[in-house]
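Heads up, the thing below is written out as structure tokens.
We did not get these values from a lab; they are worked out from the coordinates using the rules stated. Quick caveat: nothing in here was measured; it's all calculated off a predicted structure. Here Cβ is always computed from backbone atoms with ideal geometry, including for glycine, and neighbour counts include all displayed protein chains.
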Amino acid sequence: MPEILLTFERDGKTVHKETSGFKGKDCESLTEFLDQALGATDLERIHTREYYEGGDTNERQRVR
Amino acid sequence: MSHLARMHTAVKDSEALIRALKRVGIPEQRIEYHEKAILARGYHQEETFNANVIVRKDGFGSDIGWERNPKTGEFTAHLDEFHYRNQHYSQEWQRNLYTFYNVEKCKMELDNKGMEYEEGTDNQNRPYIRARVVLEDNSRSRTVGARR
């Protein structure tokens, strides 16, 4: 079953979100409600193999 | 793993802020919420400030409060020097408060979607939430739903 792991830094402003078990872009589109709820800024994403469904590289994306 | 994201957050939800205040030990009866900001009491009677969320003073000092910026929706804290000096609401206290704000805000969103989750603390003493996702296949789109 797909999972979302949210880890909250003790600095009061940084949240890490890890998703697993999703295929393709579902991991972003189905969990972005949390980004929006937290008023996310300075968002940095690292896409992994599952995101590309067979791709072989990770990619960093920064959204401000 | 599908993706990792690291984000910085903003305090925009009064209910999550009030939940966080309770988690850091503020008694419910000292917390007020006003949709329209009202005057709170500073250390001296003449020093007042506007706030939507107010924690009334506990015997001495002043109220503390958070005022919503009508343009951004973001809350700004009002804490005076007295509190910093006396460590009533230190920077560490504030960091702890906003950490729990983030936790409570996420729990509210997960509850709204009927999602199951567990809350805990990791080996670095960081709070975490692990949520299980049930995917619902609709004809045109996929959504997140509650476990049936």
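Let me know the mean shielding of A:16-25 by other chains, meaning the per-residue number of their Cβ atoms within 10 Å of its Cβ.
Other-chain Cβ atoms within 10 Å of each residue's Cβ, averaged: 5.
Would you kindly derive the ³J(HN,Hα) couplings of the range A:8-24 from the backbone phi angles with the Karplus curve 6.51 cos²θ - 1.76 cosθ + 1.60 (θ = phi - 60°), listing them in order in whole Hz, with x for Gly and Pro?
Values per residue, Gly and Pro as x: 10, 5, 6, 7, x, 9, 10, 10, 9, 10, 10, 10, 9, x, 8, 10, x Hz.
Say the cut-off is 28 Å between C-alpha atoms; which of A:K25/B:K22; A:K13/B:K113; A:K23/B:K22; B:K36/B:K105; A:K13/B:K57; A:K23/B:K12 go over it?
In this structure, A:K25/B:K22; A:K23/B:K22; A:K23/B:K12 exceed 28 Å between Cα atoms.
Once the Cα atoms of helix B:91-112 and of chain B are each reduced to a long axis, what angle between those two axes, in degrees from 0 to 90 to the nearest 10, is obtained?
Around 40 degrees separate the two axes.
Looking only at other chains, what is the average number of their beta-carbon atoms within 10 angstrom of each beta-carbon in B:95-108? If you can, show how the numbers build up before the last one.
Details: counts 5, 2, 1, 5, 8, 2, 4, 10, 3, 0, 5, 9, 1, 1.
Per-residue shielding by partner chains comes out at 4.
Note down the magnitude of the dipole of chain B about its Cα centre, charges +1 on Lys and Arg C-beta and -1 on Asp and Glu C-beta and zero elsewhere, to the nearest 20 debye.
Rounded to the nearest 20 debye, it is 540 debye.
For the range B:1-102, just say rounded, prolate or oblate: build the C-alpha gyration tensor, square-root its eigenvalues into a ≥ b ≥ c, call rounded for a/c under 1.5, and beyond that prolate if a/b exceeds b/c, oblate if not.
prolate
Enter the angle in degrees (range 0 to 90, nearest 10) between the Cα long axis of helix B:14-23 and the first principal axis of the Cα atoms of chain B, meaning the one along which they spread out most.
The two axes meet at around 80 degrees.
Sorted by packing (mean other beta-carbon atoms within 10 Å per residue), highest first, where do A:15-22, B:68-75, B:36-43 land?
On the way: A:15-22: 21.0, B:68-75: 12.9, B:36-43: 15.5.
Going by the mean number of other Cβ atoms within 10 Å, highest first, we get A:15-22, B:36-43, B:68-75.
Just checking the output field for B:9-18: average partner chain Cβ neighbours within 10 Å of each residue's Cβ? List each step's numbers first, then the result.
On the way: counts 12, 5, 4, 3, 3, 0, 0, 2, 0, 0.
Across B:9-18, the average partner-chain Cβ count within 10 Å equals 3.
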